[in-house]
Amino acid sequence: MKSIAGDVRNAQEIVKALERRDEQAFDHLFVTRYTVLCRFAKAFVGSFEFAEDIVQEVFIHIWEKGLKLDKNKSLDSYLYVAVRNGCVSFIRRHQDKVGLEEIVSLQQEESEQNDFQKIWQAVESLPEQCRLILKLVVWEEMKYVEVAEYLGISVNTVKTQIKIAYRELRKKFSMQNLVLFYILAAKMNE
């Protein structure tokens, strides 16, 4: 929970430190993002063990190569896309080792991944406070009162920001995509 809010405040400093391959910044990133990224990957590959391998590969790549991030791309967006790409690669590597039914299932999952990427980009395009509150409510499963206390704002502000978030997402997507958003959020929290 605290990782999202904390990183919103100092995301630029973390990115700059990661570009320099700063060990403390890397440790902070690993500690604050590893578990949630593993849950995200598990939603696609079905196994927490494989999900951990995929996420660890992403972190190894960041450590070995340093972080190169476009100025208009968020750190979270980069991490989730990198993990998603790792999941797609994993699925493709294992397609020839599975039967026809599983290939069809994997192709459906890949289609869901593409839908999720569009939804994730829409979430990332929300205003900062709106995006943060939506993530805390949906991904971290915090209640409005908890979010208000955590961020030092009123419950009415939380409700208003959630309404704005949903309104903006409805403008961009069909109801089917929003249902998928909730399904994937639930899978991440398993």
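Nothing in this text is a laboratory measurement; each read-out follows from the coordinates by a stated rule. Please read all numbers here as calculations on a predicted model, not as lab measurements. In this analysis, Cβ positions are derived from the backbone assuming ideal geometry, glycine residues included, and neighbour counts consider all displayed protein chains.
Were the residues from Lys143 through Lys16 laid out at 0.36 nm apart, the gain over their Cα-Cα distance would be 42.4 nm. For Gly66, neighbours were defined as the other residues whose beta-carbon sits under 10 Å from its Cβ, and their charges (Lys and Arg +1, Asp and Glu -1) total +1.
Scalar couplings 3J(HN,Hα) for region 166-171, obtained by applying the Karplus form with A = 6.51, B = -1.76, C = 1.60 to θ = phi - 60°, are 5, 4, 5, 5, 5, 5 Hz; x denotes Gly and Pro.
Order of 44-52, 74-82 by packing, highest average Cβ count within 10 Å first? Write out the running numbers ahead of the final one.
Values: 44-52: 16.7, 74-82: 19.0.
With the highest mean Cβ count within 10 Å placed first, the list reads 74-82, 44-52.
Measuring r between the beta carbons of Ile153 and Arg93 and using R0 = 41 Å, the FRET efficiency lands at 0.35. What the phi angles of region 46-54 give under the Karplus curve with 6.51, -1.76 and 1.60, with θ = phi - 60°, is a coupling list of x, 10, 5, 4, 5, 4, 4, 4, 5 Hz, glycine and proline written as x.
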